[in-house]
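*Asks:* One structure follows; several queries about it will come next.
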Amino acid sequence: TAVAGDVNGIGYISLGSLDESVTAVKIDDVEPSDETIQDGTYKVARPFLYLTKGEPEGVVKAFIDFVMSSEGQEIVAEGFISVK
């Protein structure tokens with residue numbers, strides 16, 4: 001990536017996208033991890049959001065329901081932090 005290829009590059013990525021091509025930054029001497037993000041000690045984190053125009057319907061509702069299900073959250077937890 002452009003950031004990984006620039007010795008002075010700084011970027012913002014999800015913890016689930018972090019790999020050996022970049023170095024994570026400690027904030028207040030706290031390294032980013034599932035635990036420090038969940039307990040709030042790592043201050044630079046944000047949730048993934050699903051935004052819909054009105055109440056979700058049809059396949060959109062089915063997708064959100066699946067992601068929020070136990071099975072969906074197991075899949076999410078393979079690379080990101082689950083909400084359950």
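What follows draws every value from the coordinates through simple rules; no lab data is involved. This structure is a prediction, so every number in the text was calculated from the model and none was measured. Note: ideal-geometry Cβ built from the backbone for every residue, glycine included; neighbour counts use all protein chains shown.
*Asks:* If each residue of separation counts as 0.36 nm, what is the full-extension length gain between Ile13 and Phe66 once their alpha-carbon separation is subtracted?
*Replies:* Result: 16.6 nm gained on full extension.
*Asks:* Give me Val25, Val76 sorted ascending by neighbouring Cβ count inside 10 Å, so fewest comes first.
*Replies:* Lowest to highest Cβ neighbour count: Val25, Val76.
*Asks:* Please enumerate, by chain and number, the aspartates and glutamates with C-alpha under 18 Å from the C-alpha of Lys61, excluding those fewer than 8 residues away in the same chain.
*Replies:* Partners found: Glu71.
*Asks:* Next up: Quick one: work out Rg over Rh on the C-alpha atoms of the chain, Rh as Kirkwood radius.
*Replies:* Result: Rg/Rh = 1.06.
*Asks:* OK, next. For segment 1-46, take every pair of Cα atoms, bin their distances at 10 Å starting from 0, and report each bin as a whole percent.
*Replies:* The calculated distribution, bin by bin, is 26, 53, 20, 1.
*Asks:* Along segment 4-21, what does the Karplus equation 6.51 cos²θ - 1.76 cosθ + 1.60 (θ = phi - 60°) give for ³J(HN,Hα), rounded to whole Hz, x for Gly and Pro?
*Replies:* 4, x, 10, 4, 9, x, 10, x, 10, 9, 6, 4, x, 9, 5, 9, 5, 7
*Asks:* For each of Glu55, Glu35, count neighbouring Cβ atoms within 10 Å of the residue's Cβ, then give the residues from fewest to most.
*Replies:* Listing Glu55, Glu35 from fewest to most nearby Cβ atoms yields Glu55, Glu35.
*Asks:* Compute the helix-to-body angle for 58-68: its Cα long axis versus the longest principal axis of the chain, expressed 0 to 90° and rounded to tens.
*Replies:* Helix 58-68 sits at roughly 50 degrees to that axis.
*Asks:* In deg cm²/dmol, rounded to 500, what helix-only [θ] at 222 nm does the chain give when every DSSP H run of at least 4 residues adds -39500 (n - 2.57) and the total is split over its residues?
*Replies:* -7000 deg cm²/dmol
*Asks:* For Glu20 and Glu57 in the same chain, what is the full-extension length gain: residue separation times 0.36 nm, less their Cα-Cα distance, in nm?
*Replies:* Additional length available on full extension: 9.3 nm.
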